[in-house]
Every structure is written in C-alpha cells, then in structure tokens.
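Worksheet for the structure shown next.
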There are 2 protein chains.
Amino acid sequence: MSPRDDLLPRGPLTAPGLARIRGRIWGLEKQLIGEVSRLGLGQPDTIALWYGESDQPTPAFICDAAYKAMRAGETFYTHKRGLPELRQTLATYMAGLYGVPMDMERITITMSGMAAIMLSFQALLDAGDNCAIVAPVWPNCSQGTEVMGAEPRRVALELENGVWRLDTQRLMDACDERTRAIFVNSPGNPTGWMLAADQQREILDFCRRRGIWLVADEVYARLVYDRPVAPSFLQVAEPDDPLLVVNSFSKSWAMTGWRIGWLTHPVWMGETISSLIEFSTAAVSVFTQRAGIAAVSEGEPFVAAMLARCRAGRDTVVPRLQAMPRVAINPPSAAFYAFFKVDGVDDSLAFAQEIFHKTNVGLAPGSAFGPEGEGSLRLCFASSPERLNRAMDLLEPMLR
Amino acid sequence: MSPRDDLLPRGPLTAPGLARIRGRIWGLEKQLIGEVSRLGLGQPDTIALWYGESDQPTPAFICDAAYKAMRAGETFYTHKRGLPELRQTLATYMAGLYGVPMDMERITITMSGMAAIMLSFQALLDAGDNCAIVAPVWPNCSQGTEVMGAEPRRVALELENGVWRLDTQRLMDACDERTRAIFVNSPGNPTGWMLAADQQREILDFCRRRGIWLVADEVYARLVYDRPVAPSFLQVAEPDDPLLVVNSFSKSWAMTGWRIGWLTHPVWMGETISSLIEFSTAAVSVFTQRAGIAAVSEGEPFVAAMLARCRAGRDTVVPRLQAMPRVAINPPSAAFYAFFKVDGVDDSLAFAQEIFHKTNVGLAPGSAFGPEGEGSLRLCFASSPERLNRAMDLLEPMLR
C-alpha cells in the first residue's frame with residue numbers, strides 16, 4: 001500500500017496564506033532526463049541524443065495536410081473520440097498490420113501516447129489501487145499512476161548474457177487484490193526488449209482470471225529489426241478482453257511534437273473514454289487529425305525510411321560501443337535506443353552530466369528509467385550515421 | 001464526503017474476464033449538451049448554437065504562423081511549460097490588460113483551458129477532498145474533480161430580478177476541513193454573471209485564512225459589454241497567493257479547435273505543473289504556440305471584431321427572447337450566451353431535443369450546467385445576426 005495521502009508531506013505554504021498542494025504531487029520525482037537536457041538549453045553545438053525522437057522533421061506532405069484543413073476552416077470543436085475518417089483509417093491499418101479484424105468503435109484518438117496512458121489510468125485506478133509495471137521503463141507511466149493516488153509496483157526485467165527477459169511468474173506474483181492494471185511497454189523503452197507471443201498469452205490469461213486490466217504501450221511496434229512488426233497483444237486477444245493498447249504517431253512518422261496517438265479498447269468503453277477526454281483536454285484538433293490521416297495513408301515509404309535510418313544508426317553505434325571494454329551491450333532488436341551498462345558507473349545522472357559538460361553529447365541517465373537502470377546510459381540512435389559517429393568520437397574517451 | 005470508491009458500483013464485466021473500471025468513472029454523468037448535439041450529426045441544415053464557439057473560423061494570419069513553424073521544422077518535443085517567447089508575450093499582454101506586474105515564470109502553456117483546470121485539480125485534490133464550485137457552471141469542471149476521486153460541492157448563484165448574484169457567505173459556509181479548492185468561473189458560462197472586485201477580495205482573503213486554493217476560470221475575460229475587461233483575481237492578488245487563473249485562446253481568437261490555453265500560478269509551482277504536463281500530454285506543439293504568439297501580438301483587431309460580433313448577436317437575440325411571454329432573461333454583461341428560463345419547462349433536455357427535432361436549431365439544455373440550470377436553455381449568440389434571426393424565427397413558435 002502507498003502511504004495515505006493525507007499523511008504525505010504537502011507542498012510549501014503559499015505566502016500569504018496557508019494553502020499547500022498534494023503531498024503526493026509535491027513528492028513526485030523529477031524526470032531525470034530533464035536534469036541533463038536543461039544543461040543544453042541555448043547551446044547550439046549540443047548533439048542531443050537524450051530524447052526519444054529522430055533528427056528528422058515531420059515530412060512536408062503531413063504538414064501540408066494540416067495546413068489545408070486549417071485554411072478550409074477546420075478549426076472548431078470536433079468529435080471527442082476523433083474524426084470517424086481517422087478512426088476508420090487506423091482500424092484498416094491495424095487490421096492489415098496484425099491480420100486481425102478491427103472495429104473502428106474500438107479506436108479513440110488521443111493527445112499523444114502519454115495521454116492515452118493517463119486516460120487509461122483515470123478509468124482504472126482509484127486511490128489506494130496499484131499497477132504492476134515492467135521495468136526499467138520510461139518514467140512517465142509510473143508517475144501517471146501516482147497522480148491518480150495509486151501505487152506503481154515495479155517488476156524488474158532480468159538481464160541474462162546481455163539479453164533482457166521477463167519472468168512472467170514474478171510479474172504475476174507482484175499482483176494482489178488491489179492490482180487493477182499491469183503496464184507493459186513492448187517493444188520497450190529504454191531496453192529495446194520485446195515480449196514473445198506465448199508470454200503475451202500467459203499474461204492476458206492471468207489478467208482475465210484475476211480481473212486485471214492490461215495496459216500495453218506498443219508505440220515502437222513498427223521499429224523492429226528482426227521481423228516485420230512487433231508481436232501485439234491485439235493478435236492474441238478477443239475484442240472484449242480487459243486490454244487497452246496505446247499507440248502514437250510520434251516515433252514512426254516523426255511527429256513527436258504534434259501530440260497525437262490512439263487507444264484501442266473494448267467497444268463498450270468508448271463513451272467512458274470520450275467523457276474522460278472531454279474532462280481533460282477535449283479532442284485533438286481536426287487539422288492534426290488530417291495530418292494523421294495523411295501519415296497513415298501515404299506514409300509507408302517514410303516509415304520504411306525511418307526504420308532504415310534507425311537500423312543504420314544502430315549498426316553505427318552498437319559495434320563502436322561493443323568495442324569499449326567498460327561497456328556491455330547487445331544490439332537491440334527493436335525501438336531506437338542503445339541502453340548500455342558502463343562498468344564502474346554507479347551514479348548515471350552525475351555521469352551523464354559530466355559527459356555533457358566534457359563533450360556536448362546529450363545522453364539520458366539510466367536512473368531516469370528506475371533503479372533497474374542505474375549504472376546504464378541511454379542513447380537514441382535515430383540520427384544520421386555522420387552525427388552518430390561524431391558523437392561516438394567525442395564519447396569514446398569517456399567510455400573507454 | 002463522497003462515497004468510498006471501492007463501494008461504488010464498478011463498470012460492467014469484460015467478456016471474457018472479470019475486469020471492471022472505476023465505479024466513480026462508470027458513474028460519471030454524461031455531458032448533456034452531447035445528448036442533444038449528437039442528434040445533429042451529419043445534418044447539414046442544423047443551426048448549431050449549442051456549443052460555446054463562434055461561427056468564425058480561425059483567422060488566416062494565425063493559421064499561417066502555425067504552418068510557417070511546421071515547415072521550418074518546428075515539429076519536435078519542446079519545453080514542457082511552453083515556449084519562453086509565448087510565455088513572455090502573455091506576461092506582457094496580461095500586465096497591460098490588468099495593470100499589474102506579471103512575471104513569465106508564473107505562466108505555463110496548457111493544452112486548453114480545460115487542461116489547465118485538470119492540471120490544477122491533479123495538483124490539489126486527493127481522493128476524499130472536496131472542491132466548492134459556484135454554479136450553474138459549465139459541466140466539465142465538476143466532473144474533473146470526480147476524476148480525481150474528490151467531491152464537487154455546488155454553491156448556487158441566486159437569481160434576483162433576472163440578475164445572477166453570489167452570496168459569498170454561502171460559498172464560505174460550504175467549505176470544510178477537506179475543502180482544498182474553490183472553483184469560480186467569472187465571467188460565467190452559462191450565465192454571463194461576473195464577480196465584482198470587492199467579492200474577489202473577500203473570497204481571496206477567506207482562501208488565504210483557510211489554506212484553500214482558488215481556481216479562477218477567466219476565459220471570457222475579453223468578452224465583456226459594459227467595461228473594457230472583466231475584473232480578474234490577478235488584480236487583487238499577490239503573486240504568491242493560493243491562486244490559479246485559467247485562460248484560453250479559444251473564445252476571443254476563435255481557436256476552440258486548437259486546444260491551447262494558459263495557467264497563471266505562483267512561481268514556485270512551475271516545476272510541479274511542468275511534471276504534471278509531462279505525465280499527461282507533454283507540451284503543446286510548437287507550431288500551435290507560434291499561432292498563439294501571432295494571435296496575441298497581431299490579434300487585437302480580431303478580438304475587437306469578435307466582441308462587436310457578440311454584442312450584435314446579443315442585441316439580436318435578447319430583445320426577441322424578452323418579447324416572448326414564457327421567457328425570462330436580462331441581457332448578460334459578459335460571455336456569449338443567452339441563458340434563459342422558459343416558463344412551464346421542467347425537463348430542459350427533453351425540451352432541447354424536441355426543439356431540435358422540430359426546428360433544426362441546436363440549443364444546450366440548462367440541466368447540462370447542473371440542477372440550478374434546470375428549466376433553462378443556453379443559446380450561444382457568437383454568430384451573425386442573419387443566422388441568429390433565422391434561428392429565432394424558427395424558435396419563436398416553440399418558446400412563445
């Protein structure tokens with residue numbers, strides 16, 4: 001159990017006055033990537049590999065679709081769950097990708113993958129509940145549970161011979177009668193780890209038996225190097241299963257700045273999700289949704305080029321890291337991160353800050369992804385080989 | 001006190017499985033405006049006056065600023081709290097509007113006014129807390145408290161000789177030791193009611209003494225007919241007061257569909273709000289923020305034209321309503337709504353639906369704004385006099 005909210009230390013007193021903010025919110029851990037990246041504010045010679053985004057701007061055909069919609073006057077309030085055209089486009093897209101039937105009534109457009117996660121938590125987590133989270137994992141999902149007054153319960157992946165794997169029994173053992181959800185991000189940020197289909201079946205069966213929701217963050221589904229697409233829970237689930245699948249336009253279509261994603265859910269949850277969207281941000285702008293339609297309908301060559309860019313980035317960075325005696329890493333088979341342990345490093349935040357001061361290369365500290373990541377660093381390789389080689393030249397003296 | 005969350009009826013069972021959603025979320029009341037407006041989906045001859053938006057699309061100079069930013073490659077992740085340029089632009093704008101000093105460190109850009117409200121509730125409301133809300137009021141703020149597991153505690157405005165007024169003593173009496181916030185929307189939707197400066201001082205003093213936050217929704221600040229700008233809590237407060245002021249680009253700049261607003265808060269809360277944004281949607285897209293800069297910097301003629309349009313709309317609609325014996329209304333001095341009681345109507349939802357079936361004119365039922373609004377209808381008059389007169393011609397037989 002989490003400590004009772006009213007026993008947590010609350011924020012500072014306002015002056016004048018006595019008002020304070022929630023203790024749980026005041027005590028939220030900072031996003032540690034920001035503790036490094038703010039060092040680079042206003043420094044033009046930074047090689048920023050700390051965030052999860054490529055060095056490619058959004059392609060022109062996507063921007064043009066947005067502008068065309070704006071100028072056609074599509075600037076009013078719209079359907080809370082998104083344009084039917086975009087929802088149908090995504091249903092067709094996912095049906096093709098996964099070889100399963102997909103009803104557009106299962107799809108709701110959200111203000112980013114993160115927004116889809118927060119909406120899921122709002123629907124599922126009362127104060128005092130808990131959510132099991134497979135870790136290390138990008139930090140925001142864990143703090144999202146705490147915003148709802150719930151407890152994140154981390155279940156660590158195991159690193160065996162350089163390969164990350166999940167002991168599903170440990171995951172199931174971490175759940176109790178107040179567990180309302182399991183959160184799994186596969187392919188995983190930061191590790192590039194992927195669940196296998198038989199593990200997905202096992203976890204889903206457990207959720208069905210125990211009345212636990214599965215929140216599956218699958219935003220890296222298309223960034224996979226050893227097969228056409230990552231295994232999805234949608235391939236092993238029934239339409240009415242307690243499953244919420246989070247997707248995003250950010251990674252494959254270079255739309256990180258746009259804030260658009262989608263949630264796949266049982267049909268009966270559509271109205272609930274619609275209300276929660278109404279009460280948090282209301283709908284994604286129509287012109288951004290038109291950009292999304294263009295991305296999915298005409299973007300396959302771009303997605304292929306993005307994957308090729310990431311593969312080239314991986315094949316540039318990983319061999320150079322492997323050649324350094326202090327560094328341990330295997331080539332990840334998915335996502336666009338090199339997540340590597342550095343021998344002798346026990347404070348990855350301080351080390352990432354030191355690296356930035358000495359080299360202007362921005363890396364994310366492993367501790368940003370939880371205690372399981374301490375001692376490691378994360379490098380986003382969704383960049384040109386030239387830029388990555390320049391970064392590696394600068395990093396080499398620090399990591400050798 | 002709200003009922004304990006684990007005693008509330010939860011959502012339906014999933015099939016296969018046992019999983020349910022939160023009872024509090026399953027039990028959330030639907031947005032009743034949508035119960036009328038969905039009747040109009042796909043009906044091109046609808047005269048939709050149900051939503052709070054004008055019939056004007058966003059002006060071209062604002063759209064062009066967004067497109068220019070997109071094509072310049074401003075499509076990446078950005079500052080969680082918003083572009084410093086936009087925050088400074090807004091600080092200067094508010095300092096000029098209200099004649100008070102304003103530090104840009106007090107300003108954070110949000111994904112709409114509603115998002116600013118939800119971020120405020122996330123910062124302030126633990127499960128079991130309550131929030132006093134001056135009503136009738138637009139519905140989403142009340143449901144936002146419930147998403148956080150808190151209790152909305154409504155305090156009704158009084159209608160005296162056709163004029164809405166707040167008994168501040170009743171508001172203060174409604175607060176107890178679990179009251180963490182007071183929510184006031186002034187100028188008010190749907191009533192067009194406005195707080196006077198002396199009442200603002202009284203409420204703020206009470207909040208200081210009792211350690212209660214004031215969440216002030218001031219999105220209609222510029223749509224005022226009897227003075228240059230509505231009184232703002234910012235004019236009576238100190239920078240460190242327990243005050244959160246919600247603003248939006250939606251109403252004055254015809255940007256309802258864009259989803260951009262801002263929150264003014266004590267400087268020390270900046271990092272907390274930044275974290276909450278990170279864990280809900282991340283930042284507003286850079287190109288939308290560039291549109292916001294254009295709106296504030298070059299939009300004063302448009303704001304003046306919007307106000308003139310609303311004034312003409314008010315002066316078209318209100319006299320015609322006043323001429324109907326069953327209708328009671330005074331011209332509102334702010335916002336862009338006619339909110340009028342219709343003699344003999346005790347189910348405003350059914351009546352609004354009947355009106356739509358018979359006339360194709362879309363009005364919002366008063367009950368959408370709480371029990372205080374039952375028996376009334378809301379009409380948004382931010383339209384051309386021609387369109388409004390056509391609507392009034394159709395409505396007249398139903399309201400006479």
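Read-outs throughout are calculated quantities, based only on the coordinates presented, and are distinct from any laboratory measurement. Just so it is clear, the structure is predicted and the values come from calculations on it, not from any experiment. Here Cβ is always computed from backbone atoms with ideal geometry, including for glycine, and neighbour counts include all displayed protein chains.
Once you have a ≥ b ≥ c as the square roots of the Cα gyration tensor eigenvalues for segment A:264-344, tell me rounded if a/c is under 1.5, and otherwise prolate or oblate according to whether a/b is larger than b/c.
Details: a/c = 3.62, a/b = 2.01, b/c = 1.80.
Since a/c reaches 1.5 and a/b is larger than b/c, the shape of segment A:264-344 is classed as prolate.
Global dimensions of segment A:72-298 from alpha-carbon coordinates: Rg and Dmax equal 16.8, 57 Å.
What number comes out for the charge environment of residue A:399, summing +1 per Lys or Arg and -1 per Asp or Glu over other residues with Cβ under 14 Å away? Mind dumping the intermediate values first?
On the way: positive: A:320, A:326, A:341, A:358, A:378, A:400; negative: A:343, A:354, A:393, A:396.
With Lys, Arg at +1 and Asp, Glu at -1, the neighbours total +2.
Each of B:341, A:80 has some number of other Cβ atoms within 10 Å of its Cβ, and from fewest to most they run B:341, A:80. Mean partner shielding of peptide B:19-29, defined as the number of other chain Cβ atoms within 10 Å of each residue Cβ, is 6.
Summary of the geometry: segment B:164-200 and segment A:330-400, compared by the centres of their Cα atoms, lie 52 Å apart.
Counting each DSSP H run of 4 or more residues in chain B as -39500 (n - 2.57), what helix-only mean residue ellipticity at 222 nm follows after dividing by all residues, to the nearest 500 deg cm²/dmol? Please list the in-between numbers first.
Working: 13 runs with 149 residues, N = 400.
That calculation yields -11500 deg cm²/dmol at 222 nm.
Summing +1 for each Lys or Arg and -1 for each Asp or Glu among the other residues whose beta-carbon sits under 12 angstrom from that of residue A:47 gives -2.
By counting other Cβ atoms within 10 Å of each Cβ, how are A:76, A:183, A:339 ranked from fewest to most?
Values: A:76 20, A:183 27, A:339 24.
Lowest to highest Cβ neighbour count: A:76, A:339, A:183.
Averaged over its residues, how many other protein chain Cβ atoms are within 10 Å of peptide B:139-149's Cβ atoms? Could you put the intermediate results ahead of the total?
On the way: counts 2, 5, 1, 1, 4, 4, 1, 1, 8, 6, 7.
Rounded to a whole number, the mean comes out at 4.
Inter-chain neighbour count for B:239-247: the average number of beta-carbon atoms from partner chains within 10 Å of each residue's beta-carbon is 3. Under a model in which nothing but the beta-carbon of Lys, Arg (+1) and Asp, Glu (-1) is charged, segment A:72-298 shows a dipole of about 380 debye around its Cα centre.
Normalised by the number of residues in chain A, what is the relative contact order in percent for Cα pairs under 8 Å and 6+ residues apart? Could the numbers behind the result be given before it?
Values: 805 pairs, mean separation 92.0, N = 400.
Normalised by residue count, the contact order of chain A is 23 percent.
For the residue pairs A:30/B:80; A:80/B:358; B:68/B:251, the C-alpha atoms sit more than 21 angstrom apart in A:80/B:358; B:68/B:251.
Exposure proxy ranking for A:272, A:92, based on other Cβ atoms within 10 angstrom of each Cβ and starting from the fewest, stands as A:92, A:272. If you take the Cα centroid of segment A:27-76 and the Cα centroid of segment A:234-282, the two points sit 21 Å apart. Considering the protein assembly as shown, its Cα convex hull presents a mean projected area of 30.9 nm². Its Cα centre serving as origin, the protein assembly as shown has a Cβ charge dipole (Lys and Arg +1, Asp and Glu -1) of approximately 840 debye. Report the normalised scattering of segment B:135-181 as log10 I(q)/I(0) at q = 0.19, 0.21, 0.31, 0.33 Å⁻¹, calculated by the Debye formula with identical scatterers on the alpha carbons. For segment B:135-181 at q = 0.19, 0.21, 0.31, 0.33 Å⁻¹, log10 I(q)/I(0) is -0.70, -0.81, -1.18, -1.22. Counting only Cβ charges, +1 for Lys and Arg and -1 for Asp and Glu, the dipole size of chain B around its Cα centre is about 660 debye.
Its alpha carbons considered, chain A gives a radius of gyration followed by a Dmax of 21.1, 61 Å.
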